[in-house]
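Here, each number is a calculation from the coordinates, and none is a lab measurement. Values in this document were obtained by computation on a predicted structure and should not be read as measured data. Positions of Cβ are generated from backbone atoms using ideal geometry, with glycine treated the same way; all protein chains shown enter the neighbour counts.
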Amino acid sequence: MELHSSRNGVRRVPWDEFLTGVKRTSRQPDELIVAAVLPDEIPRRQAFGKIGVRNAMVISMVSACVMRFDDGRTTVALGAVGPTPIRARRAEAMISQEAAPGEAALAEFSRLVSEEVRPITDHRGTEAYRRHASGVLARRLLERCLAA
């Protein structure tokens, strides 16, 4: 959540509504971002990864962050596979129902993540590769969370 302030007052903007497109945000011309508000609960099991040409600071082909709460709730956010960061909500809902995900559940999770992204083909990679890589990366990150 972000707080935007202007002469008209303060406006709260959820994270998933802040980025509206390529190089575009929901911030109005007369507003300043005055705070970034983190959730009250952040799980101890979380993992981030990216796939890129090099491990150095370059634009990635795919990036992902997976968080697994103690009650099983799982969140998945992906970058570089759509015009804005994407939450894989169908994959989240499915895997959150699994107390101890087995091979079949992990494979379905990966498939759902791959379906939910909206990548393009550009100089960094093809649409097909980025779609496949999204599912593979999200699954690997979830497996790290489950092992922690």
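Worth a mention:
- Among Glu41, Glu116, Glu98, the largest mean-square fluctuation in a Gaussian network model of the chain, built with springs joining Cα atoms closer than 10 Å, belongs to Glu41.
- Amide proton proximity set for Ile120, modelled H, under 5 Å, gap of 5+: none
- Contour excess over end-to-end distance, with Cα ends at Arg73 and Leu38 and 0.36 nm allotted per residue: 10.9 nm
- Screening the chain for whole DSSP H helices with an alpha carbon extent of at least 24 angstrom along the helix axis and a mean Kyte-Doolittle hydropathy of at least -1.0 yields 127-147.
- Packing-based order for 102-110, 66-74, 19-27, using average beta carbon neighbours within 10 Å, highest first: 66-74, 102-110, 19-27
- Centroid-to-centroid separation of the stretch 75-89 and the stretch 103-147 [C-alpha atoms, Å]: 11
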